[in-house]
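Trainee: I'd like to ask you about the structure that follows.
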Amino acid sequence: MQAERVPGAGQGRAFHFAQKVLFKHCDPAGIVFYPRYFEMINDCVEAFFDEALDWPFETIHTTGAIPTAEISATFRRVSRHGDHLDFALAHAVPGRTSLGLVFTVTCGDELRFEARSTIVNVDTVGKPLPWPDALRARLTSDTGDTR
């Protein structure tokens, strides 16, 4: 995890996730097929929870899940097979059960796309749950907020 601020995501540091564009991500023209970006975003979120928050999905999914409740994206430039993308993930101050995420995705110095999403901590039947205290402490210490 590198220390870098991402605009619009509170005062937290960005988590960086590297993704090489693979053949499976592309359409026949060799350009990333846009739904694959959402898979890459999920891979980034999974790595963030595992590496930065020490709460891996394989642990989370024994008692619940963290589905995406909302997502939006703006595509600036195409990405092609073989490109090396950097996903910079920043988060807002956590809500009681939700968390806002901002993704800024670049290839070198070129902005490829931006996305925002909201994830929600839920139990095994999909009922929202408050974030565990240890996780909330990690998230709020990163943003400087103590709510």
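Trainee: So if I check each of Ile71, Ile41, which one is surrounded by fewer than 17 Cβ atoms within 10 Å (Cβ to Cβ), under 20 Å from Phe17 (Cα atoms), touching a residue at least 24 places away in the same chain (Cβ under 8 Å) and aliphatic (A, V, I, L, M)?
Mentor: After applying the criteria, what remains is Ile71.
Trainee: Taking region 94-128 only, how many residues are basic (Lys, Arg) and either under 14 Å from Ala73 (Cα atoms) or open to solvent by less than 40 Å² (accessible area, probe 1.4 Å) (or both)?
Mentor: 2
Trainee: Right, next: Within region 83-93, take every residue that is open to solvent by less than 30 Å² (accessible area, probe 1.4 Å) and among the small types (Gly, Ala, Ser) and give me the one that is farthest from Asp27 (Cα to Cα).
Mentor: Ala90
Trainee: Further, regarding this structure: Can you find a residue that is at pLDDT below 95, exposed (fewer than 15 other Cβ atoms within 10 Å of the Cβ), of a type outside the set (Val, Ile, Thr) and assigned to a strand (DSSP E or B) anywhere in region 10-17?
Mentor: yes
Residues checked against (1) in contact (Cβ under 8 Å) with a residue 24 or more places away in the chain; (2) in contact with a strand residue (DSSP E or B) (Cβ under 9 Å, 6 or more places away or on another chain); (3) farther than 17 Å from Val21 by Cα:
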{"residue": "Thr62", "(1), (2), (3)": "no, no, yes"}
{"residue": "Asp86", "(1), (2), (3)": "yes, yes, no"}
{"residue": "Trp131", "(1), (2), (3)": "yes, yes, yes"}
{"residue": "Thr140", "(1), (2), (3)": "yes, no, yes"}
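Trainee: Moving on to the next point. Quick one: would you say Pro132 is open to solvent by less than 60 Å² (accessible area, probe 1.4 Å) and within 16 Å of the chain's Cα centre (by Cα)?
Mentor: Answer is no for this residue.
The values are calculated or read from the model by the stated rules, or taken from the named source; none is laboratory data. The structure presented is a predicted model; accordingly, all values stated were derived computationally and were not measured. Because the Cβ atoms are built from the backbone with ideal geometry, glycine has one as well, and the counts that use them run over all protein chains shown. Each accessible area value is taken on the protein alone, full model and side chains, heavy atoms only, with ligands, DNA and RNA left out. Shrake-Rupley method; radii C 1.70, N 1.55, O 1.52, S 1.80 Å.
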